[in-house]
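A short write-up of the structure that comes next.
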Amino acid sequence: MKIIVCLKQVPNTNEVKIDSKTGTMIREGVPSIINPDDKNALEAALQLKEEKGASITLLTMGPPQADYALREALAMGADRAILLTDRAFAGADTWATSYTLAQAVKKIGQFDIIFCGRQAIDGDTAQVGPELAEHLDIPQVTYVKKILAVEKDKVVVERALEDGYEVVEAQLPVLLTAVKELNTPRYPSAYGIVAAFDEKEVETWTAETIGGNPEKLGLKGSPTQVKRSFAPKAKEAGVIIKGTAKEAVQVLRQELLAKHVL
Amino acid sequence: MDFELTKKQEMFRTLFQEFAEKEVAPKAFEIDENGEFPWDTVKKMGKLGFLGLPFTKEYGGAGADTLTYIMAVEEISRACAATGVILSAHVSLGCHPIYQFGTPQQKEKYLVPMAKGELLGAFGLTEPNAGTDAAGQQTAAVLDGDAYILNGTKIFITNGGCADVYIVFAMTDPAKGLKGISAFIVEKGTPGFTFGPKEHKMGIRASSTTELIFQDCRIPKENLLGKEGDGFKIAMQTLDGGRIGIAAQALGIAQAALDECVRYTKERQQFNKPLSNFQAIQWMIADMATDIDAARFLVYRAAVLKDKKKPFSKEAAMAKLFASEAAMKHTVKAVQIHGGYGYMKEYKVERLMRDAKITEIYEGTSEVQRMVIAGNTLK
Ligand SMILES: Cc1cc2nc3c(=O)[nH]c(=O)nc-3n(C[C@H](O)[C@H](O)[C@H](O)COP(=O)(O)OP(=O)(O)OC[C@H]3O[C@@H](n4cnc5c(N)ncnc54)[C@H](O)[C@@H]3O)c2cc1C
Ligand SMILES: Cc1cc2nc3c(=O)[nH]c(=O)nc-3n(C[C@H](O)[C@H](O)[C@H](O)COP(=O)(O)OP(=O)(O)OC[C@H]3O[C@@H](n4cnc5c(N)ncnc54)[C@H](O)[C@@H]3O)c2cc1C
């Protein structure tokens, strides 16, 4: 079985501060980590590797420093790592990102499952996975919280919903996006870390390597433009009206009348 | 001089911190209270390769360097000093003498499973009447056909009773004094080899400390480590390396004291101000932070010298002396900074102060470290 895991190196948003004047993230000095959901995606792939035997290829688009995130994922047990890095990729929105990833997947060739995280903690759009499936014209299941079966030509998974889950069966090849409930990512082992630096390699691919339409890459290929970003005002605390439903409605009605809402 | 860690070392450090925070710290209070050996944590460390960090792959190790191993002891001790010494005694005192002096057969049989974390190691040098004066060994080993017969008692042995493999020192030729001491690899379960009860200790209570008792215990001849008469040299060279481990344990304890003080002094208010606003407190914190950095440089330097296969005996002694005395001094200050709360078991600094003391005693007391340093400086 051949598995591709898409992962993104992100600033550890727990430690990020927002510049109150510009409304943008202060990235300096913030440690980079593997996007948390992507670790769940990788863990799912590693478990399949242990159960059924599989080769795991990592794919990331990012600056040269993303090499570190790939090494960490190699240390956890992945087999091959590809870093898509090129000035031409810079300024990509989710559409250009997913187009770039799709070109790379086509170049990798045959695969059975692509795992993505549900969403990245910095961009938070949850768009890249689904868009990638569309570019490749394969089925997708998002919010996977449990894998029930993986067979020769299909998967059966539980897909998380707001108030429950649904069981979805999909044909291979398929793209799955992982939520954190799916599993607990393992620690890289000492053996794994040494192997990741001394024995395994990170392949670097550029725009030229993946081919395709250069107009669809990076800023040029990005229909989304960020006009302004800002930190939302903190919400004021609400009022809880106690009592039976009937009493509470009465109180609420009075309040709304007093405020001329009704 | 290069003070930067490599990317690989950085990744290791992050791993040790995460492991210490998630797996070690949550249990530290309870295992200290109960004096309970943390088997579960030791097994997890074994699986992840921590118990064989500095040994090459051919011997079951992870193939990392000494500095990486030292950072593991530091970070784990920062969460729980008892777990830290279990790691240090296993790697530096149990495995290392076999790595350095063992035959290929001994390495295959003992070092490989030890480095993989399948067997735990220990080191038995100290005797009731041979402490600082380790040359005064009274345990005797007499050759009888294809085996040595061991008689005697070792005292205060870390991992005693829990370890599977013991490096034991005994007199094979009393007439030769120092040169009459030999080292043996002894398996737990060998007839004639038993343990005393677990000692009740002031600190590092979750580590096991026991007597090793040998009564006509037959050790196969092939378990002699090095040659007959090499024992004292093996012990001293092993302790040189071990001291870097204990220095790292002390460093971890001191760092933990600083961590606690930084957090506490920002939270605790007196006179409508956080404690961190008082200059008397700030100066204690400044001294603590400075000594910890100085200790870290000494400890890492000793580790790097060992990795470069340069002499490190004096530097290891300096690292252990400075780090352990800094740990003791600043854990006392940390309790002071916490006031009455610091005297209560619910606060980590109470344990840190008890744990710090041992680092000035074992693997050579501070007095011994000063002798080593003076000996090297005045020669
Ligand atoms: C320098 C820079 C400039 C940018 N400029 C713009 C801009 O001009 N306009 C704009 O709209 N956005 C811009 N972005 C944001 C960028 O579009 C998104 O960060 C990116 O497309 C991923 O989207 P997301 O973070 O919402 O990820 P999500 O869609 O939430 O991620 C879901 C999953 O997709 C996969 N994934 C996401 N990104 C990658 C990746 N790079 N490599 C491999 N797998 C991945 C992971 O598995 C991840 O868990 C910029 C980002 C950077 C870093
Ligand atoms: C918890 C614990 C774990 C231990 N683990 C191990 C272990 O795993 N393996 C092992 O072999 N041993 C172990 N030890 C033993 C430890 O190494 C010894 O306790 C230590 O070396 C001191 O020996 P001693 O206790 O006999 O003290 P003594 O040698 O009696 O020393 C008493 C005091 O006299 C001082 N002193 C002695 N001689 C001199 C001198 N010439 N000049 C100046 N001062 C001197 C000492 O510094 C000390 O302050 C452990 C001890 C403890 C408490």
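The values are calculated or read from the model by the stated rules, or taken from the named source; none is laboratory data. In this text the structure is predicted, and so the values were computed from the model without any measurement. Note: ideal-geometry Cβ built from the backbone for every residue, glycine included; neighbour counts use all protein chains shown.
Tabulated data for the structure shown
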read-out	value
Index of the failed condition, A:Leu70 passing every other in (1) surrounded by 20 or more Cβ atoms within 10 Å (Cβ to Cβ); (2) modelled with pLDDT of 95 or more; (3) more than 14 Å from every other protein chain (Cβ to nearest Cβ)	(3)
Test for B:Ala294: is it crowded, with 23+ Cβ neighbours inside 10 Å and either touching a helix residue (DSSP H, G or I) at 6+ places or on another chain (Cβ under 8 Å) or in contact (Cβ under 8 Å) with a residue 24 or more places away in the chain (or both)	no
In region B:198-225, the residues that are within 16 Å of ligand 2 (Cβ to nearest atom), closer than 21 Å to B:Leu119 by Cα and outside any strand (DSSP E or B)	B:Lys198, B:Ala206, B:Ser207, B:Ser208
Residue list for region B:269-281, restricted to those being touching a helix residue (DSSP H, G or I) at 6+ places or on another chain (Cβ under 7 Å) and free of Cβ contacts under 8 Å to residues at least 40 places away in the same chain	B:Pro274, B:Ser276
Any chance A:Leu59 is buried (at least 22 other Cβ atoms within 10 Å of the Cβ), modelled with pLDDT of 95 or more and under 19 Å from A:Ser189 (Cβ atoms)	no
Helices (runs of 4 or more DSSP H) fully within region B:52-109 counting 2 or more residues that are more than 19 Å from B:Pro38 (Cα to Cα), polar (S, T, N, Q) and more than 16 Å from ligand 1 (Cβ to nearest atom)	B:66-79
Matching residues in region B:127-144 - criterion: being under 20 Å from B:Lys179 (Cβ atoms) and under 20 Å from the mean Cα position of the chain (by Cα)	B:Glu127, B:Ala130, B:Thr132, B:Asp133, B:Ala134
Residue that is at positive phi, touching a Ser or Thr at 6+ places or on another chain (Cβ under 7 Å) and of a type outside the set (Asp, Glu), where the choices are B:Gly252, B:Gly229, B:Gly245, B:Gly241	B:Gly229
Subset tally (residues that are exposed (fewer than 10 other Cβ atoms within 10 Å of the Cβ), more than 18 Å from A:Ala102 (Cβ to Cβ) and within 16 Å of ligand 1 (Cβ to nearest atom)) for region A:218-243	4
Subset of region B:355-365 [within 14 Å of B:Ser207 (Cβ to Cβ), near ligand 2 (Cβ under 7 Å from one of its atoms) and not hydrophobic (A, V, I, L, M, F, W, C)]	B:Tyr362, B:Glu363
Sole exception among (1) surrounded by fewer than 20 Cβ atoms within 10 Å (Cβ to Cβ); (2) away from ligand 1 (no atom under 15 Å from the Cβ) for A:Val30, by number	(2)
Answer residue from region B:16-26, given it is in contact (Cβ under 8 Å) with a residue 24 or more places away in the chain and surrounded by 14 or more Cβ atoms within 10 Å (Cβ to Cβ) and is nearest to B:Val349 (Cα to Cα) among those	B:Ala25
Those residues of region A:122-164 which are β-branched (Val, Ile, Thr) and more than 8 Å from ligand 1 (Cβ to nearest atom), in sequence order	A:Ile138, A:Val141, A:Thr142, A:Val144, A:Ile147, A:Val150, A:Val155, A:Val156, A:Val157
Answer from B:Lys309, B:Lys357, B:Lys320 - the residue that is surrounded by fewer than 14 Cβ atoms within 10 Å (Cβ to Cβ), basic (Lys, Arg) and not assigned by TED's automatic domain parsing to the domain that holds B:Ser92	B:Lys309
Filtered residues of region B:123-155 (kept if in contact (Cβ under 8 Å) with a residue 60 or more places away in the chain and of a type in the set (A, V, I, L, M, F, W, C))	B:Phe123, B:Leu125, B:Ala134, B:Ala135, B:Ala141, B:Leu143, B:Ala147, B:Ile149, B:Leu150
Residue in region B:27-34 that is crowded, with 17+ Cβ neighbours inside 10 Å, of a type outside the set (Lys, Arg), more than 14 Å from chain A (Cβ to nearest Cβ) and not in a helix (DSSP H, G or I) present	no
Matching entry among A:Asp86, A:Asp37 (being more than 14 Å from every other protein chain (Cβ to nearest Cβ), under 16 Å from the mean Cα position of the chain (by Cα) and either more than 9 Å from ligand 1 (Cβ to nearest atom) or modelled with pLDDT of 95 or more (or both))	A:Asp37
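Residue by residue, here is whether (1) closer than 24 Å to B:Phe29 by Cβ; (2) part of a helix (DSSP H, G or I); (3) within 15 Å of ligand 2 (Cβ to nearest atom) holds:
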| residue | (1), (2), (3) |
| --- | --- |
| B:Glu315 | no, yes, no |
| B:Lys329 | yes, yes, no |
| B:Ala334 | yes, yes, no |
| B:Glu367 | no, yes, yes |
| B:Ile373 | no, yes, yes |
